[in-house]
Amino acid sequence: MTSIIQADNLIKTFGNKEVIRNCSLSVKKGEIYGFLGANGAGKTTVLKLICGLLRPTAGTIEVAGIDAVQSREAVLAKIGSIIEVPVFYEHLSAAENLRIHLAYLGLAGKADIEDALERVGLPNTENQKVATFSLGMRQRLGIARAIIHRPEILLLDEPINGLDPAGIREVRELLRSLSRNDGVTIMISSHIISEIEHIADTVGIIANGTMMRETPVSALHAERPNGLEDYLIELMSGGKTYA
Amino acid sequence: MRKLIKLELAKNNIRPYLLAVLGITAAMIGFTYFFAEVPNMEANETAEFGSYLDVVLIVSVLSMASFCILSAVMFSRFVIDEYNGKRAILLFSYPVNRRKVLAAKLTFVCAFIFIGFLVSNTVVFALFNLTEYFAPIVKEGVLSDAIRQAALLILVEAFLAESISVIALFLGFLRKSVPVAIVTAVVLCSPVSNFGSPMLMAIAMAACAVTAAVLIVVLSGRVNAMEA
């Protein structure tokens, strides 16, 4: 499989602090890539670098063969994302928020808002003002906004935050379906090992801004048939780097 | 660009701003009659606000200061808030040229303030002119030449209000602070409001407009290079 996201030797500094250090990653087309790291490891920063919200201090990023630094808008057209906590226009309804999103993408009237809301478990909420939504409902609406325009790539930063166990399972199934049936490439960040283990085809583990290991989950299972938790925790806490 | 301006309208609730324009207009109608009556209230015949143009000058300057503050509030909502924190992440996630999005925001607020200021002053002084025709308060009456001068003054003040608001927006944007934007608008309005001469006001307008134009270019560059 070819890489749809390729980042090489990324460095990002804020002031004098280097938060991403020589980080390289490769996400293959159509796969679910689990980006695992402890809080503050640099997951969100890397996702922001990929979608052009931050500029790398050094290194290169290509998304679908396009230079993400030079051609920010061309890359954004291919991406659906949730970065940090999704924000909305609170005084507007769920449907109105999605309509505005589609209009910005030049797709006004070309997507099924009702269907998108149903897919994320928010049926019959089109006319409900977002101000009345719970945390879990906002997270689901954020996912609906990320997928409604059928992007090639989904970047999801801790998308299961605020979801109950049933909601987590629904989102997991939705993401699997998007990957298997629609060929969407999904990069999902989390600090929850079991979640990444359940859903990802490939896992990249980041600690202190450095990629510790990037490998297919199946290979990890083959290596460690007795469980991955201890090993992954060691990597997440910046333990030994594995090739 | 029209599409982006329409989106600004869709995203933001402009009802409070329309109500503010109505409120300013009502207040200015009250001030107009008050200042027209002042010379009649005083024993001294050489009172300060003697002529129709004097009344227009003081009321329109008050109106300009009010619209400057309204404009600073709108810019704060439409620009400073939108480019701050998580809202910036949402806005920058769209594959749209950042400079165009900013231009749409500035165009929308400037057009709203410009049209609002002109309509508000037209309503205030048209009403005053009408009542002066039937029941005059100012002594020399309302001459057509005075109306022409008043119209020109109001046009100059409309551009001045826009320019001052853009300068206030720029400082508020740099400090990421709504209060800074509003206080700057008030501070800049204060000396201008005391000029008392249409010619001085025109000079101030030209200076502020040039400054505002430069600041828009700088602001656009900053937004384009912003990280979220």
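Please treat every number below as a calculation from the coordinates, not as lab data. Since the structure is predicted, the reported quantities are computational estimates derived from the model, not experimental observations. Cβ coordinates were reconstructed from backbone atoms using ideal geometry, including for glycine residues, and neighbour counts include every protein chain displayed.
Can you sort B:Val142, A:Val69 from fewest to most other Cβ atoms within 10 Å of each residue's own Cβ?
A:Val69, B:Val142
Would you work out if the stretch A:66-209 is rounded, prolate or oblate? Take a ≥ b ≥ c from the square roots of the eigenvalues of the alpha-carbon gyration tensor; rounded if a/c is under 1.5, else prolate when a/b is larger than b/c, oblate otherwise.
Oblate is the answer for the stretch A:66-209, as a/c is 1.5 or above yet b/c matches or exceeds a/b.
Sum -39500 (n - 2.57) across every DSSP H segment of at least 4 residues in chain B, then divide by the residue count to get the 222 nm mean residue ellipticity, nearest 500.
-28000 deg cm²/dmol
Please list, in chain and number order, the residues 5+ apart from A:Gly80 or on another chain whose amide H is under 5 Å from its amide H, with Hs placed from the backbone.
A:Ile153, A:Leu154, A:Leu155
By how many degrees, between 0 and 90 and to the nearest 10, does the Cα long axis of helix B:2-11 differ from the longest principal axis of chain B?
Approximately 90 degrees, to the nearest ten.
Residue by residue through the stretch A:196-212, which ³J(HN,Hα) values in whole Hz follow from phi under the Karplus form 6.51 cos²θ - 1.76 cosθ + 1.60 (θ = phi - 60°), with glycine and proline marked x?
Karplus values, whole Hz, x for Gly and Pro: 5, 4, 5, 10, 7, 8, 10, 10, x, 10, 10, 9, 6, x, 10, 6, 8.
Collect residues whose amide H, placed 1.01 Å from N in the peptide plane, falls under 5 Å from the amide H of A:Ile5; neighbours closer than 5 in sequence don't count.
Result for A:Ile5 returns A:Val27, A:Ala64.
Between B:Gly196, B:Gly23, B:Gly85, where does the largest GNM mean-square fluctuation fall for chain B, given springs only between Cα atoms within less than 10 Å?
Top of the fluctuation ranking is B:Gly85.
Take peptide B:5-12, look around each residue's Cβ out to 10 angstrom, count Cβ atoms belonging to other protein chains, and average those counts.
Values: counts 0, 1, 5, 0, 0, 6, 8, 3.
That average works out to 3.
What do you get for Rg/Rh over the stretch B:71-228 if you use C-alpha atoms and the Kirkwood form of Rh?
My calculation puts Rg/Rh at 1.09.
Suppose we flag trypsin sites (Lys or Arg not before Pro) only when DSSP calls them loop and at most 16 other Cβ atoms lie within 10 Å. Which is the longest uninterrupted stretch of chain B?
B:1-138
In nm, to one decimal, how far is the A:Asp182 label point from the B:Met199 one, both placed 7 Å along Cα→Cβ?
According to this spin-label approximation, the distance is 6.8 nm.
Across every pair of different alpha-carbon atoms, what Kirkwood hydrodynamic radius in Å does the protein assembly as shown reach?
Evaluated on the protein assembly as shown, it is 25.4 Å.
Give the residue list of GluC sites (Glu not before Pro) in the stretch B:71-169 that are DSSP loop and have at most 11 other beta-carbon atoms within 10 angstrom.
B:Glu140
Applying the Karplus parametrisation 6.51 cos²θ - 1.76 cosθ + 1.60 with θ = phi - 60° to the phi angles of the stretch A:185-193, what ³J(HN,Hα) value in whole Hz is obtained for each residue in order, glycine and proline being reported as x?
Going residue by residue, I get 8, 10, 10, 10, 9, 6, 10, 9, 4 Hz, with x marking Gly and Pro.
On a 0 to 90 degree scale, rounded to 10, what angle separates helix B:178-193 from the longest Cα axis of chain B?
Approximately 30 degrees, to the nearest ten.
As I understand it, the value is the acute angle between the Cα axis of helix B:144-174 and the longest principal axis of the Cα atoms of chain B; what does it come to in degrees, rounded to 10?
The two axes meet at around 30 degrees.
Under 5 Å between amide H atoms, partner at least 5 residues away or on a different chain: which partners does A:Ala207 have, H built in plane at 1.01 Å?
Those lying under 5 Å, H to H, from A:Ala207 are A:Met212.
Which of A:Asp112, B:Asp81 comes first, and how do the rest follow, when ranked by fewest Cβ neighbours within 10 Å?
Going from sparsest to densest Cβ surroundings: A:Asp112, B:Asp81.
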